[in-house]
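Remarks on the structure that follows.
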Amino acid sequence: MESRTKLFNAFNINVFKRLHGFCNFSAINVKKCLMHGSPSCAQQNQKKTNTTVDPEDVYRHGQLTKDWWDEQGVLKGLHSLNLIRIPFVRDGLVQCSLDERDPTPLKDKKILDVGCGGGILSEGLAKLGASVTGIDAGKDLIELATEHSKNNPKLANNLPSYFCTTVEEHSQERKDYYDAVVASEVIEHVYNKEIFVKACVETLKPGGKIFVTTPNRSRITQILGIYVAEYVLNIIPRGTHQYDKFMTSPELTFLLERNNCHVELTYGMIYYPFSNRWELSKSQLLAFATQAEKLK
Amino acid sequence: MFKTNLRSLIASRKFSSGNNKQVNGAYDVIIAGGGMVGCTLACALGKRALLSNLKVLLLEGNPSSEFRVKPEYSNRVVALNQNTKSLMNSLEVWEHVEKMRLQPVRYMQVWDACSDALISFSSSDLQDDDVAYIVENDVLLCAIDKELKSSNIKNVDIVYGAKISGYDLPKINDTKMESTVKMSNGDTYKCQLLIGADGANSAVRKAMGVQYLSWNYDQMGVVATLHLSEATENTTAWQRFLPTGPVALLPLDSTRSSLVWSTTHSHAKELLKLPEEQFVDALNDALWKQYPRRSVVDTCTSWVGSCLRRAGLADGAERQLPPSIRAVAPSSRAAFPLAFGHSTRYIAPGIALVGDAAHRVHPLAGQGVNLGFGDVKDLTDFFADAIYTGLDITHHTWLEKYESSRQRHNVPTQLAIDALYRLYSLDIAPLVLARSVGLQLTNALYPVKKMIMSQATT
């Protein structure tokens with residue numbers, strides 16, 4: 001029943017979107033919430049206008065702490081995503097020839113990992129020498145991330161610093177501070193994407209880069225990414241994703257450009273669940289990765 | 001300075017009581033086996049800037065020895081292809097080899113004793129690059145060793161005279177990937193990644209418990225250093241397929257060549273026992289003697305030849321004549337068994353195999369060690385890639401990439417060499433006909449020949 005409502009809901013958004021074009025996000029958000037039949041809607045709606053954090057999502061992810069670092073566990077797709085998102089961030093920040101490469105290409109780079117979770121990406125970036133700040137709204141996850149990074153000898157003296165906070169709070173303290181902001185597989189869990197992107201960009205130095213990876217909102221992702229992956233193949237914990245919170249690549253591009261950024265690159269991403277492998281591709285049907293520069 | 005200290009420390013440990021169970025060192029990488037491939041790998045791990053943070057230990061069974069170039073050539077030589085040359089160049093090893101000695105091969109001729117068919121490879125087909133380089137094993141090892149001990153490499157420790165008594169490999173599902181190498185003197189070393197570069201009878205491979213597909217060829221390789229009757233430029237490699245196996249002459253300098261003669265076990269033993277003069281006679285026979293011909297084969301090959309000529313392609317009629325042999329260098333004769341070997345897995349969690357430990361081929365194409373150097377090149381490239389991505393070198397994705405990229409290259413090469421061996425080991429009319437015409441066509445069709453050459457040089 002619930003999924004049917006969702007489907008209906010999603011369908012309506014789509015119709016709405018077609019009627020009104022891509023640009024009006026807040027309208028979509030409001031519309032979406034009005035369509036939502038659950039009793040908590042009004043309450044959520046209230047929060048939605050001024051926060052990015054979905055407490056339900058925070059709770060759901062908090063339940064996964066035990067398996068977070070199991071590379072073959074429920075989050076194996078997130079672990080293997082490191083194989084393409086770390087090079088994506090690295091090459092977006094530093095380009096050097098084969099001979100000049102050294103083990104710490106991201107040295108002296110301050111990176112903010114928004115929605116860092118257990119720190120899978122934060123630790124990966126820290127290993128390349130970056131000084132990483134990881135923030136997440138989940139207290140348990142931040143504890144897990146802190147604990148795990150301390151036990152990782154490979155990080156040596158370059159531990160990421162973790163804070164349990166939201167990006168809008170964090171942006172108050174650190175304006176024009178970071179060389180890069182990474183929001184990997186986060187924006188699809190965010191309520192108010194407008195505030196989210198605005199806060200992310202605020203923390204960036206002028207000329208700094210923002211990297212976003214997220215599933216695309218399309219029928220294919222709804223079927224493959226949510227129904228098949230969560231209910232048939234069980235490769236993603238159930239309830240992880242809500243279709244109506246997904247974005248499309250043009251939506252994200254507009255959002256970034258409206259927030260004083262220039263979108264430099266967008267790649268498509270494809271996941272092969274049986275070999276647990278990600279690949280960058282031309283097709284943005286399933287998921288995409290976007291790189292943008294904050295204008296000076 | 002530190003390195004020499006450590007080395008002497010390790011040496012002194014050997015004389016201390018052998019019953020201490022403590023770990024003598026923890027490393028990122030331990031290379032078991034300091035042959036040509038193992039040493040090259042150690043050198044490559046030391047030279048690449050991306051890999052210079054790895055702590056590497058090279059375990060070599062033989063004692064350290066000083067090598068000096070002697071006037072006589074060693075009877076063990078290798079033919080190195082362009083890819084190996086560029087690897088050695090990047091490791092700055094090649095300049096040492098050039099300073100000692102090597103002989104470039106500019107032309108190569110391979111022909112069949114049972115027919116007129118022939119194939120030739122010339123440097124003009126390779127944009128005037130040399131087809132191969134003949135280098136003595138000792139010279140190459142010494143050159144690698146020089147670079148390995150140079151001050152540029154700080155992260156590699158070497159233990160000579162290492163006698164390994166066993167391995168404790170990580171179990172599947174072990175979260176902590178760590179191998180332990182136990183030495184017979186009681187020392188133990190721990191590592192994240194163990195690399196088996198310990199040759200065809202690899203103990204690492206056996207400890208991994210992987211399937212090893214192998215068969216012995218009914219042949220031995222007889223090697224020797226030869227003196228030619230007259231001085232020539234001598235940059236041609238010769239190989240003639242006899243019904244008993246191929247006989248090959250590899251140039252060393254203007255008057256000397258190295259012999260690799262694959263023949264039946266009994267014949268090989270006989271050849272080793274023959275007095276030097278009779279050995280030389282037998283060899284000249286092998287290079288020059290007319291074998292009984294079949295008129296069918298001769299008719300067909302000459303018809304194909306004339307067709308090719310009319311089409312303006314090489315008909316293989318222009319052949320060069322091999323040199324005749326004057327003498328064999330005293331006590332340079334030796335023989336070794338020949339076999340095929342293929343390990344179905346090159347990797348396991350925390351373990352990788354390189355060189356002969358993973359694959360073994362018949363020497364008829366001079367590819368064995370080049371495949372091993374190809375392993376080294378790919379493995380270090382993948383390590384560098386893993387580290388540049390912020391991951392451990394033991395990450396299974398990169399090890400799997402190594403395995404599949406190498407097997408994709410090595411296995412077809414091995415099978416092609418095995419097929420050649422089988423094709424030429426029989427003297428049956430239809431087979432002789434098929435291979436002769438096949439060889440003629442291959443020689444005439446440049447794209448096919450180019451394909452073979454590119455497979456053999458990568």
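The single residue among B:Gln320, B:Gln290 that is assigned to a loop (DSSP other than H, G, I, E, B), of a type in the set (S, T, N, Q) and over 30 Å from the mean Cα position of the chain (by Cα) turns out to be B:Gln290. In the range B:49-83, the residue that is surrounded by the fewest Cβ atoms within 10 Å (Cβ to Cβ) out of those that are among the small types (Gly, Ala, Ser) and under 30 Å from B:Thr255 (Cβ atoms) is B:Ser65.
Summed over the range B:364-376, residues that are open to solvent by 20 Å² or more (accessible area, probe 1.4 Å) and in contact with a strand residue (DSSP E or B) (Cβ under 6 Å, 6 or more places away or on another chain) total 2. The residues in the range B:432-449 that are open to solvent by 40 Å² or more (accessible area, probe 1.4 Å) and under 16 Å from B:Arg294 (Cβ atoms) can be counted, and the count is 2. Quick one: in the range B:293-317, of everything that is of a type outside the set (Gly, Ala, Ser) and part of a loop (DSSP other than H, G, I, E, B), which residue is surrounded by the most Cβ atoms within 10 Å (Cβ to Cβ)? The qualifying residue surrounded by the most Cβ atoms within 10 Å (Cβ to Cβ) is B:Asp315. Only residues that are away from every other protein chain (no Cβ under 12 Å) and out of contact with any Phe, Trp or Tyr (no Cβ under 7 Å at 6 or more places or on another chain) were counted across the range A:77-94, and they come to 2. A:Ile135 fulfils the conditions (1) assigned to a strand (DSSP E or B); (2) over 20 Å from A:Cys200 (Cα atoms) except for a single criterion, (2).
So that you can scan it fast, the table gives a plain yes or no per residue for (1) open to solvent by 30 Å² or more (accessible area, probe 1.4 Å); (2) more than 14 Å from chain A (Cβ to nearest Cβ); (3) touching a strand residue (DSSP E or B) at 6+ places or on another chain (Cβ under 9 Å):
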site: B:Ala357; (1), (2), (3): no, yes, yes
site: B:Arg360; (1), (2), (3): yes, yes, yes
site: B:Asp378; (1), (2), (3): yes, yes, no
site: B:Ser404; (1), (2), (3): yes, no, no
site: B:Tyr424; (1), (2), (3): no, yes, yes
site: B:Ala429; (1), (2), (3): yes, yes, no
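The sole residue among A:Leu141, A:Leu204, A:Leu128 that is open to solvent by less than 50 Å² (accessible area, probe 1.4 Å), in contact (Cβ under 8 Å) with a residue 60 or more places away in the chain and closer than 22 Å to A:Trp68 by Cα is A:Leu141.
In this entry, B:Leu415 passes the filter for residues that are out of contact with any helix residue (DSSP H, G or I) (no Cβ under 6 Å at 6 or more places or on another chain), more than 14 Å from chain A (Cβ to nearest Cβ) and not in a loop (DSSP other than H, G, I, E, B). Annotation note: of B:Pro330, B:Pro337, the sole residue that is at negative phi, part of a loop (DSSP other than H, G, I, E, B) and open to solvent by 10 Å² or more (accessible area, probe 1.4 Å) is B:Pro330. I need every pair where a residue in the range A:147-169 that is within 14 Å of chain B (Cβ to nearest Cβ) and under 30 Å from A:Thr51 (Cα atoms) has its Cβ under 7 Å from the Cβ of a residue that is open to solvent by less than 40 Å² (accessible area, probe 1.4 Å) and among the hydroxyl-bearing types (Ser, Thr, Tyr), sequence separation at least 6 or different chains. From residues that are within 14 Å of chain B (Cβ to nearest Cβ) and under 30 Å from A:Thr51 (Cα atoms), the pairs are A:Pro160/A:Ser122; A:Pro160/A:Thr133; A:Pro160/A:Ser149. Screening the range B:234-247 for residues that are open to solvent by 10 Å² or more (accessible area, probe 1.4 Å) and among the hydrophobic types (A, V, I, L, M, F, W, C) and picking the one that is nearest to B:Ile417 (Cα to Cα) gives B:Phe241.
Okay, residues lined up against (1) touching a residue at least 40 places away in the same chain (Cβ under 8 Å); (2) at negative phi; (3) among the hydrophobic types (A, V, I, L, M, F, W, C):
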residue	(1), (2), (3)
A:Asp179	yes, yes, no
A:Thr214	yes, yes, no
A:Gly225	yes, yes, no
A:Val232	no, yes, yes
A:Thr240	yes, yes, no
A:Lys245	yes, yes, no
A:Leu252	yes, yes, yes
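Per-residue answers, yes or no, for (1) farther than 16 Å from B:Ala49 by Cα; (2) part of a loop (DSSP other than H, G, I, E, B):
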{"residue": "B:Leu364", "(1), (2)": "yes, no"}
{"residue": "B:Asn370", "(1), (2)": "yes, no"}
{"residue": "B:Gly374", "(1), (2)": "yes, no"}
{"residue": "B:Leu379", "(1), (2)": "no, no"}
{"residue": "B:Phe382", "(1), (2)": "no, no"}
{"residue": "B:Thr394", "(1), (2)": "yes, yes"}
{"residue": "B:Leu399", "(1), (2)": "yes, no"}
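When the residues of the range B:357-383 are filtered to those that are among the hydrophobic types (A, V, I, L, M, F, W, C) and free of Cβ contacts under 8 Å to residues at least 60 places away in the same chain, the one that is farthest from B:Tyr133 (Cα to Cα) is B:Phe382. The strands (runs of 3 or more DSSP E) found entirely in the range B:117-233 that carry 3 or more residues being open to solvent by less than 30 Å² (accessible area, probe 1.4 Å) and over 27 Å from B:Pro63 (Cβ atoms) are B:118-122, B:132-136, B:212-228.
The values are calculated or read from the model by the stated rules, or taken from the named source; none is laboratory data. Just so we're clear, the structure is a prediction, and the values are computed from it rather than from any experiment. Every residue, glycine among them, receives a Cβ derived from its backbone with ideal geometry; neighbour counts consider all protein chains shown. Ligands, DNA and RNA are stripped out before the accessible areas are found, and what is left, the full protein with its side chains, is counted by its heavy atoms. Shrake-Rupley method; radii C 1.70, N 1.55, O 1.52, S 1.80 Å.
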